[in-house]
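Take a look at the structure set out below.
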């Protein structure tokens, strides 16, 4: 247990055949996993948990950057593997979406889990259901919109009375209004949900600071909670999120970015690099390409690190940047107008070193450090922080977040493939050569499991006897072994709280 991280993540419990039998998330991997093997807790375990503990022969962990990311990854893996001891997510549960039915005369903002092909607008998905509901309650106050099944009352003069539970001026908007005026409110609320309107958050922060300065601590605390809820609700979950919304970017954002970076011309083509690994293993990199401010997925690239084994983001960045632009140089293809590196001075220094090594004059090159969204230059220029609502910064963030999503998707695919293949570790007589021949012949473990003994015999190095033994090994029933004594006191207990499954 001592080698485990204290970071958020997901843990996978496996039986002796390497099959995943339980997937769980953790705010702190070391604490969570260790609880499974604390003898003092054994007497209080539910029989189902005790059965799980007795079946565990091995476990793996996958570190992420936040608890929400762990939740998304947990759901993805449970849907993918359907572990026998999990009950959460197996009912095809989906995260909440916000739905605005534009077909209604007075559109209301509702929550749903199913996206339909209708006239409605959908926003999300949102992983934080409690924070989302709190955000919508505040949006009712801020924008004067109808939530859920609220039923407005049409007046004789054609206007609408929205709520019975508020005074005329309680929220700073008219409770009796026309349908036209109300639709403008809905448009403003939709704009906010798209993440384009950060001014509201800044206003709330100013109000919070002002209230604290006046020693109105109760009001300041209320505003703090609202700001926290809004930030969490609108924050993009970076890892393992397949549907990554990219808002429209017009020429103004590209021009503004070029001016902010001191470029002679706006950056019409941009490429961004990101490194992804799990505790130094499965180190991969991604490169995404934007043209005219939009993703150009035909020009995306992904890389496995070849020059070393281990955890060194700087060396990894140097390798992949060098490989990318050496290839463009050899093929006589144009360089992008702007190269963005996900990281700070160390990462951008590694990228610059790669350009020098391949004797290529680098295009405009910057780093984007996540902590304060700071733009870092490879020369003597001071770091640059653009306003958070700057279209130029928002464009860079979309580019960087897309690179991060693409890298982590590749990492997850590689790790899932490794987990599936680990079942072969317990089959005697299968060395690296034969194992490689199997994977080259069948492509993946799923096709191997579906193969007959005769088909396995067609693989080089497999005679009739070994082919039958491997076939029987892959299809024998799962035993229920006792937990190895060496693991006792080293693996964590299972969370029995709501939504955790077993």
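Mind ordering 252-263, 21-32, 296-307 by average Cβ neighbours within 10 Å, highest first? All intermediate terms of the calculation are to be shown ahead of the outcome.
Numbers: 252-263: 17.4, 21-32: 22.1, 296-307: 13.8.
Ranking the peptides 252-263, 21-32, 296-307 by packing returns 21-32, 252-263, 296-307.
Given bins 10 angstrom wide, list per bin the percent of all Cα-Cα distances in the range 262-379, short to long.
14, 47, 34, 5, 0
So for each of 458-464, 338-344, 103-109 I average, over its residues, the number of other beta carbons within 10 Å; can you give me the resulting order with the highest mean first?
Numbers: 458-464: 13.4, 338-344: 24.1, 103-109: 16.3.
Highest-to-lowest ranking by the protection proxy: 338-344, 103-109, 458-464.
Could you put 289, 441 in order, starting from the residue whose Cβ has the fewest other Cβ atoms within 10 Å?
On the way: 289 20, 441 16.
If I rank by nearby Cβ atoms, fewest first, I get 441, 289.
From the P(r) of the range 313-391, can you give the percent of Cα pairs sitting at distances over 18 Å?
Values: 1244 of 3081 pairs.
That tail contains 40 percent of the Cα-Cα pairs.
Using the count of nearby Cβ atoms within 10 Å as a rough guide to exposure, how do 191, 409 rank from fewest to most?
Details: 191 12, 409 19.
Final ranking by Cβ density, sparse to dense: 191, 409.
Taking only the alpha carbons of the range 427-475, what extent do you get along each of the three principal axes, in Å, biggest first?
If we take the Cα atoms of the range 427-475, the spans are 20, 20, 18 Å.
Could you line up 313, 379 from fewest to most neighbouring Cβ atoms inside 10 Å? All intermediate terms of the calculation are to be shown ahead of the outcome.
Values: 313 18, 379 6.
Arranged by neighbour count, lowest to highest, 313, 379 become 379, 313.
Taking the Cβ-Cβ separation of residue 374 and residue 465 as r and a Förster radius of 56 Å, what is the calculated FRET efficiency to the nearest 0.05?
Numbers: r = 63 Å, r/R0 = 1.13.
Here the calculated transfer efficiency is 0.35.
Values in this text are rule-based calculations from the coordinates and carry no lab data. Being a predicted model, the structure only gives us computed values, none of them experimental. All Cβ positions, even for glycine, are placed from backbone atoms using ideal geometry, and neighbour counts span all protein chains on display.
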